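Below: one structure, written as structure tokens.
The values are calculated or read from the model by the stated rules, or taken from the named source; none is laboratory data. For clarity, every value in this text was computed on a predicted model and none was experimentally measured. Don't worry about glycine lacking a Cβ; one is built from the backbone with ideal geometry, like all the others, and counts go over all protein chains shown.
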Amino acid sequence: MAKVVILHGLYMNALVMWPLANKLERLGWQPKCLSYRSMRIDTQALFAQIDQELADNQPAFLVGHSLGGVLLAHYVQQASLANGSRLVTLGSPLTSSRAAKQLQQWGLGIVLGNSASHGLTENPPLHWDSEVALGSLAGSNHLGLGTLAGVTDKHSDGTVQISETQLPGMTDHICVDVTHTSMLLSDIVATQTDHFLRSGRFAPLSP
């Protein structure tokens, strides 16, 4: 049973990832959900914590939701990981967040803490150039506060635009009919995550 390290998003902690973790455990994985202070991010401490969970000279399997996926993408780009390592991001704004930028324009950037400078509003890499396979899963159900507030549109999961989850050079991308939060409870998201971690590709969706 291989370990999979799982990272939560903004304002959350490891507990919110346990529904997904439990599904992955039933699919044969050993999940390890990590917590970090999402408004006072210390990447040095977080990346050291991730390092401790990974076995030497063995492929790393990583899953991150929203901001957690962005941070894991940053981690992968600076780490030296074994061949066969894979990263799945779930609703992660890999090219920065329109919603976060709007909050800053409204003068509400304080609610983001220092997460803004860790990928939510800064200029991100324009291309995925890591040997680690990156699979990005996006939600296409736009019901959410972001849509109601006008900071996201129908091409979103209610918080993150689908286009923000698409990074040139990534290995695979898929859209599932879930919202930004409900994806953590979805059987389809869990099975697609499992499929990518095992094969390096998402499974084709039924018409």
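Residue-by-condition table, conditions (1) at pLDDT below 90; (2) of a type in the set (Ser, Thr, Tyr); (3) buried (at least 20 other Cβ atoms within 10 Å of the Cβ):
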{"site": "Thr89", "(1), (2), (3)": "no, yes, yes"}
{"site": "Pro93", "(1), (2), (3)": "no, no, yes"}
{"site": "Ser97", "(1), (2), (3)": "no, yes, yes"}
{"site": "Gly107", "(1), (2), (3)": "no, no, no"}
{"site": "Ile110", "(1), (2), (3)": "no, no, no"}
{"site": "Ser115", "(1), (2), (3)": "no, yes, yes"}
{"site": "Pro124", "(1), (2), (3)": "yes, no, no"}
{"site": "His127", "(1), (2), (3)": "yes, no, no"}
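Conditions tested, residue by residue: (1) assigned to a loop (DSSP other than H, G, I, E, B); (2) farther than 29 Å from Ala82 by Cβ; (3) among the basic types (Lys, Arg).
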position	(1), (2), (3)
His142	yes, yes, no
Gly158	yes, yes, no
Gly169	yes, no, no
Thr179	yes, yes, no
Thr193	no, no, no
Ala203	yes, no, no
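In this structure, is Met17 buried (at least 22 other Cβ atoms within 10 Å of the Cβ) and over 20 Å from His173 (Cα atoms)?
yes
Identify the residue in the stretch 133-186 that is touching a strand residue (DSSP E or B) at 6+ places or on another chain (Cβ under 8 Å) and of a type in the set (Asp, Glu) and, among all such residues, is modelled with the lowest pLDDT.
Asp153
Under 18 Å from the mean Cα position of the chain (by Cα), assigned to a helix (DSSP H, G or I) and either within 21 Å of Phe61 (Cβ to Cβ) or touching a residue at least 12 places away in the same chain (Cβ under 8 Å) (or both): does that describe Ser96?
No: the conditions fail for Ser96.
Do you know which residues across the stretch 195-207 are on the phi < 0 side of the Ramachandran plot and surrounded by fewer than 22 Cβ atoms within 10 Å (Cβ to Cβ)?
Across the stretch 195-207, the qualifying residues are His195, Arg198, Ser199, Arg201, Phe202, Ala203, Pro204, Leu205, Ser206, Pro207.
Restricting the search to the stretch 53-81, which residues are of a type in the set (A, V, I, L, M) and more than 11 Å from the chain's Cα centre (by Cα)?
If the condition is that a residue be of a type in the set (A, V, I, L, M) and more than 11 Å from the chain's Cα centre (by Cα), then Leu54, Ala55, Ala60, Val76, Ala79, Leu81 are the ones that fit.
For the stretch 43-81, which residues satisfy the criterion of being assigned to a loop (DSSP other than H, G, I, E, B) and closer than 15 Å to Asn13 by Cα?
Selection gives Ser66 alone.
Somewhere in the stretch 32-46, is a residue surrounded by 14 or more Cβ atoms within 10 Å (Cβ to Cβ), of a type outside the set (A, V, I, L, M) and within 21 Å of Thr191 (Cα to Cα)?
Yes; the residues of the stretch 32-46 include at least one that is surrounded by 14 or more Cβ atoms within 10 Å (Cβ to Cβ), of a type outside the set (A, V, I, L, M) and within 21 Å of Thr191 (Cα to Cα).
Inspect the stretch 65-78 for any residue being without any contact (Cβ under 8 Å) to a residue 12 or more places away in the chain, exposed (fewer than 13 other Cβ atoms within 10 Å of the Cβ) and within 24 Å of Thr171 (Cβ to Cβ) and give the result as yes or no.
Within the stretch 65-78, not a single residue is without any contact (Cβ under 8 Å) to a residue 12 or more places away in the chain, exposed (fewer than 13 other Cβ atoms within 10 Å of the Cβ) and within 24 Å of Thr171 (Cβ to Cβ).
Considering only residues that are of a type in the set (Asp, Glu), more than 21 Å from Gly119 (Cβ to Cβ) and crowded, with 19+ Cβ neighbours inside 10 Å, which ones fall in the stretch 160-194?
Answer for the stretch 160-194, where residues must be of a type in the set (Asp, Glu), more than 21 Å from Gly119 (Cβ to Cβ) and crowded, with 19+ Cβ neighbours inside 10 Å: just Asp194.
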